[in-house]
Amino acid sequence: MPRADAIAAQIRDAFDDYHARFAAISRRAQKRFETRDWAAAREDATERLDLYDACIEECGRRLGALLSSRPHERAPWIEVRAAYAALIDGLVDIELYKTFYNTLTRRFFRTRGVDPAIEFVALEIEPTDAITTPVARHSYAVSETRPTDTFMRVLENYRFAVPYAHRMRCAAAIAIRLQDDLAHWGGHPVRGIELLDTVFYRERRAYLVGRVFGEHRFSPCVIALVHGDGGIRAEAVLTRRADVAQLFGVSRSYFQADLPTVGDAVVFLRTLLPNKPVDELYTVLGRAKQGKTERYRSFFRYFQGHPEERLVRAEGTPGMVMAVFTLPGYPLVFKVIRDRFAWPKATTREQVQAQYERVFRLDRIGRLLDAQPFRHLRFPRARFDPSLLAELRASCAGSLAEDGDDVVLSLCYVQRRLRPLDLYLREQAGEAVREAALDYGQAIVDLARNDIFPGDMLLKNFGVSRHRRVVFYDYDEIRSVGECRFREWPQAQTYDEQMASEPWFHVAPEDVFPERFPMFMGLPGPLAAALKTVHGQLFRPQWWWQLQAQLRSGEWPDTPPYPDALKLA
């Protein structure tokens, strides 16, 4: 067998190759923005999602050829692990290197559970705590009397192949908005600003990400740029943590950001969003595997530190496709596919898995919750509530194995826990209820404008985030708008047709009748009326026909990631 240090060097080089290819795809985002080639930007996003597994497979094949005499002998890999640890010691992104190594060895040896002899296991540490390298950034002092000059310099430092439509006007609008937003700081509120060197791209926007400083405090500062017919202009400035948190939220697709190293950027972003879990920051930067590692690390650290908490059924109406459970004190849910689906569900386990994979690749525009698949997830049997364990044994036996004192789930989807919309509407009162009902309609509109039809519009399939945003999270019936045939509900012509308990006309699987949506939404009368008033287009097939024509032409509607109130004058 080759020497351990030679094998370790091959794995390190494979990660470096992955990182370079990841960066090359991310760098295309600037050109896509400059040329307004949004279709190519979507293709880039999909290509980058596939890159990690492709690089793991390539490295696995090379190692298989290198180790042809003893390809799966475990003992030498203990030395390989030590040699690899020495090679990557001190790197800013050491945790990303470890995750790559773990993924490779787990697939190479088909590991179930954790093998600490040949894997890196570090549940007890917070990896970003060791990062002290400052991320590259621009810093500016802001004059009290001439703030526009500062933002002229800012825009000058972030150049594109396309000119700004009116750089001075943009700079003045940014300065005014910051002064207005932060006026409660008193006196000369905006003393300085610093922005990351790297521009963040997603959907149709470029973002300058950083923070703004007053005399005694600071706030996030994100400047959103758009490319319109007249050139590039500043469209919005976000300074509230809630707005920035939604921009970096788990219901949005990943940014294209050409970061030389990732860990130092995560450290910086945590200063802006101290309540956002580190796993979500890695994930939204496109490092989905690292996000899974951090989510696992964080959850099991909490799980081990709170032995009195049991895994229980998640609140809400039980699903026909998934059994869902949670740990009450931790904001995640675990979803396991049932062995059989009750009528009228006419889908298969494989189709459900394909739907979740499909959503992973979609532009989620803030309305689809990210779902991470975990395989061979292991829990102590004693930590399950007895009724939950009985349900899993009865309805999810194909996904469940019992190994000694442990329960092992062969496939489990993990999502952030939201409050189910049906429960939220019962618990809240007044304007909060009306806002949620209207945002439910807006969520369906936003999804449709991005060529996503949720299929099952029941309230229980939507949740409300801590920022009171309605998000869809049940994907077994999702399909593209183009796959649907929207029809008007036929009018009965005879007495028998009027009295029929079932449709007296043929209904194909792809047929959708928007006029009948209110029957399936389940909103109380006043809320249903408010929804029809504000989002009446949802119930007219003509709106859907026009949208289908627009999507077919390639002119996808724009869906800004912030409300119009945050846009600059």
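Is one or more of the residues making up the range 183-196 aromatic (F, W, Y) and in contact with a Phe, Trp or Tyr (Cβ under 9 Å, 6 or more places away or on another chain)?
No, because not a single residue in the range 183-196 is aromatic (F, W, Y) and in contact with a Phe, Trp or Tyr (Cβ under 9 Å, 6 or more places away or on another chain).
For residues that are over 26 Å from R378 (Cα atoms), part of a helix (DSSP H, G or I) and either at pLDDT below 95 or not polar (S, T, N, Q) (or both), tally how many sit in the range 393-452. Counting residues in the range 393-452 that are over 26 Å from R378 (Cα atoms), part of a helix (DSSP H, G or I) and either at pLDDT below 95 or not polar (S, T, N, Q) (or both) gives 25.
The condition of being buried (at least 23 other Cβ atoms within 10 Å of the Cβ), in contact with a strand residue (DSSP E or B) (Cβ under 6 Å, 6 or more places away or on another chain) and aromatic (F, W, Y) holds for only one of F213, F200, F255, that being F200.
Take the conditions (1) on the phi < 0 side of the Ramachandran plot; (2) part of a loop (DSSP other than H, G, I, E, B); (3) in contact with an Asp or Glu (Cβ under 9 Å, 6 or more places away or on another chain); D258 misses just one of them, which is (3).
The rows are residues; the columns are (1) closer than 30 Å to A165 by Cα; (2) over 29 Å from the mean Cα position of the chain (by Cα).
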residue	(1), (2)
R36	yes, no
G60	no, no
I78	no, yes
D89	no, yes
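Name the single residue, out of those in the range 263-286 being part of a loop (DSSP other than H, G, I, E, B) and surrounded by fewer than 22 Cβ atoms within 10 Å (Cβ to Cβ), that is farthest from the chain's Cα centre (by Cα). If you could, list the steps in order and put the result at the bottom.
Within the range 263-286, the subset part of a loop (DSSP other than H, G, I, E, B) is 273-277, 285-286.
Next cut, surrounded by fewer than 22 Cβ atoms within 10 Å (Cβ to Cβ) only: 273-277.
Values: L273: 16, P274: 18, N275: 16, K276: 13, P277: 13 Å.
For the range 263-286, the residue satisfying everything is P274.
Output the residues belonging to the range 55-78 that are closer than 27 Å to G263 by Cβ and of a type in the set (D, E). Break it down stepwise before answering.
As a first pass, look at the range 55-78 and keep what is closer than 27 Å to G263 by Cβ: 55-60, 62-63, 77-78.
Passing the criteria: E57, E58.
Take F108 and decide whether it is out of contact with any Ser or Thr (no Cβ under 9 Å at 6 or more places or on another chain) and either closer than 21 Å to A6 by Cβ or in the same structural domain as E235 (by TED's automatic domain parsing) (or both). Spelling it out, F108 is indeed out of contact with any Ser or Thr (no Cβ under 9 Å at 6 or more places or on another chain) and either closer than 21 Å to A6 by Cβ or in the same structural domain as E235 (by TED's automatic domain parsing) (or both).
Tell me which residues, restricted to the range 345-381, are of a type in the set (D, E, K, R) and either under 13 Å from L49 (Cβ atoms) or not in a strand (DSSP E or B) (or both).
Quick first cut of the range 345-381, residues of a type in the set (D, E, K, R) only: 345, 349-350, 357-358, 361, 363-364, 367, 370, 375, 378, 381.
If the condition is that a residue be of a type in the set (D, E, K, R) and either under 13 Å from L49 (Cβ atoms) or not in a strand (DSSP E or B) (or both), then K345, R349, E350, E357, R358, R361, D363, R364, R367, D370, R375, R381 are the ones that fit.
Yes or no: D439 acidic (D, E), within 24 Å of the chain's Cα centre (by Cα) and closer than 28 Å to W343 by Cα? Spelling it out, it is not the case that D439 is acidic (D, E), within 24 Å of the chain's Cα centre (by Cα) and closer than 28 Å to W343 by Cα.
Could you tell me how many of the residues in the range 386-410 are out of contact with any helix residue (DSSP H, G or I) (no Cβ under 9 Å at 6 or more places or on another chain) and exposed (fewer than 14 other Cβ atoms within 10 Å of the Cβ)? Talk me through it step by step, then tell me what you get.
Filtering the range 386-410 down to residues out of contact with any helix residue (DSSP H, G or I) (no Cβ under 9 Å at 6 or more places or on another chain) leaves 386-388, 390-391, 393-397, 401, 403, 408.
Keeping just the survivors that are exposed (fewer than 14 other Cβ atoms within 10 Å of the Cβ) gives 386-387, 390, 393-394, 397, 403.
Of the residues in that region, 7 qualify.
Of the residues P526, P557, P563, P509, which is surrounded by fewer than 12 Cβ atoms within 10 Å (Cβ to Cβ) and closer than 23 Å to L369 by Cβ? Result of the check over P526, P557, P563, P509: P563. Only residues that are of a type in the set (G, A, S), in contact with a strand residue (DSSP E or B) (Cβ under 8 Å, 6 or more places away or on another chain) and within 19 Å of E350 (Cα to Cα) were counted across the range 366-397, and they come to 2.
A search for C-beta distances below 7 Å between a residue of the range 342-353 that is closer than 14 Å to D456 by Cβ and any residue that is of a type outside the set (D, E), counting only pairs 6+ apart in sequence or on different chains, returns A342/M320; K345/M320; K345/V321; T347/F341; V352/V321; V352/I337. The number of residues in the range 222-262 that are under 20 Å from the mean Cα position of the chain (by Cα), within 18 Å of R202 (Cβ to Cβ) and small (G, A, S) comes to 6.
The values are calculated or read from the model by the stated rules, or taken from the named source; none is laboratory data. These numbers were taken from a predicted model, which means no experiment stands behind them. Every residue, glycine as well, gets a Cβ built from its backbone with ideal geometry; the counts of neighbours run over all protein chains shown.
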